[in-house]
1. Take the alpha carbon atoms of region 1-87, find their radius of gyration, then divide it by 2.2 N^0.38 Å using N residues; give the quotient.
2. Convert each backbone phi in region 65-76 into a coupling constant with the Karplus relation 6.51 cos²θ - 1.76 cosθ + 1.60 (shift: θ = phi - 60°), then list the ³J(HN,Hα) values in order as whole Hz, x for Gly and Pro.
3. Give, rounded to the nearest 20 debye, the magnitude of the charge dipole that region 104-176 has about its Cα centre when Lys and Arg contribute +1 at Cβ and Asp and Glu contribute -1 at Cβ.
4. Considering only Gln50, Ala103, Thr37, whose Cα is most displaced toward the positive end of the charge dipole of region 33-120, charges sitting on Cβ of Lys, Arg (+1) and Asp, Glu (-1)?
5. How about region 1-100: which trypsin sites (Lys or Arg not before Pro) there are in a DSSP loop, with at most 15 other Cβ atoms within 10 Å of their Cβ?
6. Could you report the accessible area of Ile94 in Å², rounded to 10, computed with a 1.4 Å probe on the protein chains as they sit in the structure?
7. For Glu174 and Val101 in the same chain, what is the full-extension length gain: residue separation times 0.36 nm, less their Cα-Cα distance, in nm?
8. Which lysines have a Cα lying under 26 Å from the Cα of Lys66, excluding residues fewer than 8 positions away in the same chain?
Amino acid sequence: MVLPLTFYGNPVLRKKGVPIGDITPSIRKLIADMIETMEASRGVGLAAQQVGEALQLTVLDVRGVKDRPSTLSVNGKEADLEEHMPMVLINPEIQPTGDKVVASEGCLSFPEIFGEIERRSEVDVTATNAKGKRWTFRCGGLLARAVQHEFDHLQGILFIDRMEREVKAEMKPELDELQEKTKAELKKAK
Ligand code: ZN
């Protein structure tokens, strides 16, 4: 089932995700729905907050992006990226490493808003997968950027928080408009 997305201005996007205990049938259903929603929205990542759930859960899939490569290694050995997509990260812990790189980033909760964001080129990740198994991997390229973006969501941090002040100031009218629109829609839905 494709779930409705939450947009900037919705307070759930500022909530820190609660850690997930057992992978219950309802969590399994949420994971499947989040993957479906990410695919339908053509996103490379989706955090639980973006479908209204403040949980430590995110899904990723970088297969659709051909011009921005990704790398993945497990136990120091290169792993098959395709085999691990879509990727489900439950209760992730991350350690960004490598160089600082600036690149354009967008977010499904900010339609048509893009900005240059500085991230680390690689990231070490430990997370529980959809089967409940804890594992560790290192990723680079687009996947590393996406993991850092999604991890931020799970803490209630948004990509606009990481934009340079002048860039964010330039976008203020668009951001304010989106926030107002979201708030008006939430009020109407009540
Ligand atoms: Zn996002």
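1. 1.19
2. 9, 9, 8, 10, x, 10, 10, 8, 9, 10, 6, x
3. 640 debye
4. It is Ala103, whose Cα lies furthest towards the positive end.
5. Values: sites: Arg14, Lys15, Lys16, Arg28, Lys29, Arg42, Arg63, Lys66, Lys77, Lys100; in loops: Lys15, Lys16, Arg42, Arg63, Lys66.
Passing both the DSSP loop test and the Cβ count: Lys16, Arg42, Arg63, Lys66.
6. Surface open to solvent at Ile94 totals about 40 Å².
7. Details: separation 73, 0.36 × 73 = 26.28 nm, distance 2.55 nm.
In short, 23.7 nm is gained.
8. Result set, ordered by chain and number: Lys77, Lys100.
The values are calculated or read from the model by the stated rules, or taken from the named source; none is laboratory data. Quick caveat: nothing in here was measured; it's all calculated off a predicted structure. Here the Cβ is made from the backbone with ideal geometry for all residues, glycine too, and neighbour counts use every protein chain on show. These accessible areas exclude ligands, DNA and RNA; they are computed on the full protein's heavy atoms, side chains included. Shrake-Rupley method; radii C 1.70, N 1.55, O 1.52, S 1.80 Å.
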